[in-house]
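The values are calculated or read from the model by the stated rules, or taken from the named source; none is laboratory data. Keep in mind that what you see is a predicted model, and the values were worked out from it rather than measured. Cβ: placed from backbone, ideal geometry, glycine included. Neighbour counts: every protein chain shown. In case anyone asks, the SASA skips ligands and DNA or RNA and just uses the protein heavy atoms, side chains included. Shrake-Rupley method; radii C 1.70, N 1.55, O 1.52, S 1.80 Å.
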Amino acid sequence: MADTTKMDKLVALSKRRGFFYPGSDLYGGLANTYDYGPMGTELLRNIKNLWWEYFVTKRADMVGLDAGIISHHKIWEASGHVAGFADAMVDCKNCKTRMRADHLIEDALHQPVEGLSNEKLDELITSNKIKCPVCGKSDWTKVRKFNLLFPVQRGIVEGEGGAGYLRGETAQGIFVNFQNIINSTRVKLPFGVGQLGKSFRNEITPGNAVFRTIEFEQGEIEYFFDPNKSDWEELFENWKQAMYTFVTEKLGINKDNLRWRPHTDEERSFYSKRTEDLEYQFPFGFKELWGLAYRTNYDLAAHEKGANKELKIVDPQSGEKILPHVIEPAVGINRLLLMIMNDAYFEEENRTVLRLDPRLSPIKAAVFPLLANKPELIELAQSVFENLQDTIEGKIAWDDRGNIGKRYLSQDEVGTPYCITIDFQSLEDHTVTVRDRDTAKQERIAIDQLPKYIKEKIR
Ligand code: ATP
């Protein structure tokens, strides 16, 4: 059952406190786009930094890449996206709502339909008399395919020089740079390439805020290996473990809200030997968070053919030429953000609190002088603030408006783990109160111990 109230509350909090806003808001909005505000920007950066550190920096078998967003149309022809990267859509003849046929059927019948033909989808909609969720009528057009790629025009004469596409996924940038990476580094199989960056898909979405947007950020990894030397099932299990550990231990997500869902034979791409989704229980149900697919050597083979260039590498021991296979873990960073906010959102008797893991919190600590009109309090608070700014990694906030209780509530809503108040006692004994977001308890800490204290708490 969709918890629309929770979703509405998250969206309202996001707008009110600067996590995300509807895109192009000033001009009435642009469907399925969002802009990230001061809090959301910090949160996104923290998620990406953790992802990068865990999957790239700290792994000896991984390297990073930052490929271009605009890429040659031949890449997307060879990869199969121009011909096949399309959603099956239906239009309600009565109220003109356009919807993804798979979403319409899945929501009504609670069965996955990915991979089914247009005819089969038509049949399911008609035989089950599925109703339009907007007007309640059951009068649909036939299913039609809409390509998801955004074409890019270049040059001044309209219609000339179709340069390429905005990338529909970051993964192709890795495949087309495979040879460059092999030639310019000392990597050897098995190894992976990780990339963070924007992707673009011309999607029609049923709302759900930043869960599905036309512009979004992906974290994708292609893990290359020789299938004669590495056991793909073992690698697959290792990646499942790494993804799960990241979500539960690094992002602090409740395990009860997670589950694995293996793809059925129909929905799995023909070249994939195994695909599983890590799903999260969003307010609108369990949905894909992170996909894991064993894609064989389908992509490298497609680019060998498309570019007419050899992408095989020579095994240093046997001298044999091989075209490596890949396992691909692919996640949406904006979906991680929505999951994190949903998981951390709690309403208590007199406050709303985001119980974010401190590593994710947009603000690590907030400094409050008890009164804004007492220069000696301001001066001491300022020195505490500057010292924390110099010593703590992450943002420190300053707030001298309103009463202390209101300042606490304001920081609770954005997930700040610690609030530090400089009061009259501070002037006498050089201690401050540190208030813990989760317990709402206060402790007095000596000012010279404060950076160490906060550092230990938030790491
Ligand atoms: P879905 O079935 O939800 O459309 P997908 O299977 O097409 O997703 P992939 O192509 O495997 O997704 O992309 C990898 C990840 O990128 C997904 O698991 C998801 O987290 C994220 N993602 C995909 N499309 C979007 C989108 N339009 N907006 C936000 N995130 C997205």
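Go over the candidates PHE270, PHE346 one by one and state the one that is within 16 Å of the ligand (Cβ to nearest atom) and either open to solvent by 30 Å² or more (accessible area, probe 1.4 Å) or among the hydrophobic types (A, V, I, L, M, F, W, C) (or both). If you could, list the steps in order and put the result at the bottom.
Numbers: PHE346 fails: within 16 Å of the ligand (Cβ to nearest atom).
Answer to the selection: PHE270.
Within the range 188-201, the set of residues being open to solvent by 10 Å² or more (accessible area, probe 1.4 Å) and either part of a strand (DSSP E or B) or touching a strand residue (DSSP E or B) at 6+ places or on another chain (Cβ under 6 Å) (or both) comprises LEU189, PRO190, LEU196, LYS198, PHE200.
Filter the range 80-114 down to the residues that are open to solvent by 40 Å² or more (accessible area, probe 1.4 Å), of a type outside the set (Lys, Arg) and within 22 Å of PHE200 (Cα to Cα) and list them by number. Break it down into steps so the answer makes sense when it comes.
Narrowing the range 80-114 to residues open to solvent by 40 Å² or more (accessible area, probe 1.4 Å): 82-84, 93-96, 98, 106-112, 114.
Pick out the ones that are also of a type outside the set (Lys, Arg) and you get 82-84, 94-95, 106-112, 114.
Passing the criteria: VAL82, ALA83, GLY84, GLU114.
Taking the residues in the range 298-315 that are in contact (Cβ under 8 Å) with a residue 60 or more places away in the chain and either touching a strand residue (DSSP E or B) at 6+ places or on another chain (Cβ under 8 Å) or basic (Lys, Arg) (or both) as candidates, determine which candidate is farthest from LEU189 (Cα to Cα). Once the filter is applied, the top-ranked residue is LYS305.
What is the one condition in (1) assigned to a helix (DSSP H, G or I); (2) loosely packed, with under 15 Cβ neighbours inside 10 Å; (3) touching a strand residue (DSSP E or B) at 6+ places or on another chain (Cβ under 9 Å) that LEU26 does not satisfy? If we test LEU26 against (1) assigned to a helix (DSSP H, G or I); (2) loosely packed, with under 15 Cβ neighbours inside 10 Å; (3) touching a strand residue (DSSP E or B) at 6+ places or on another chain (Cβ under 9 Å), just (3) comes out false.
Taking the criterion of being out of contact with any Ser or Thr (no Cβ under 7 Å at 6 or more places or on another chain), polar (S, T, N, Q), open to solvent by 40 Å² or more (accessible area, probe 1.4 Å) and not in a helix (DSSP H, G or I), the only residue of the range 428-459 that qualifies is THR439. Screening TRP260 against (1) within 11 Å of the ligand (Cβ to nearest atom); (2) touching a helix residue (DSSP H, G or I) at 6+ places or on another chain (Cβ under 8 Å); (3) open to solvent by 60 Å² or more (accessible area, probe 1.4 Å) leaves a single unmet condition, (1). Among residues of the range 316-345 that are in a strand (DSSP E or B), those with a beta-carbon under 6 Å from a residue that is of a type in the set (Phe, Trp, Tyr) and open to solvent by 20 Å² or more (accessible area, probe 1.4 Å) at least six positions away or on a different chain give the pairs GLY332/PHE216.
Checking each residue in the range 320-334 for being more than 22 Å from the chain's Cα centre (by Cα) and either open to solvent by 10 Å² or more (accessible area, probe 1.4 Å) or within 16 Å of the ligand (Cβ to nearest atom) (or both) picks out GLU320, LYS321, ILE322, LEU323, HIS325.
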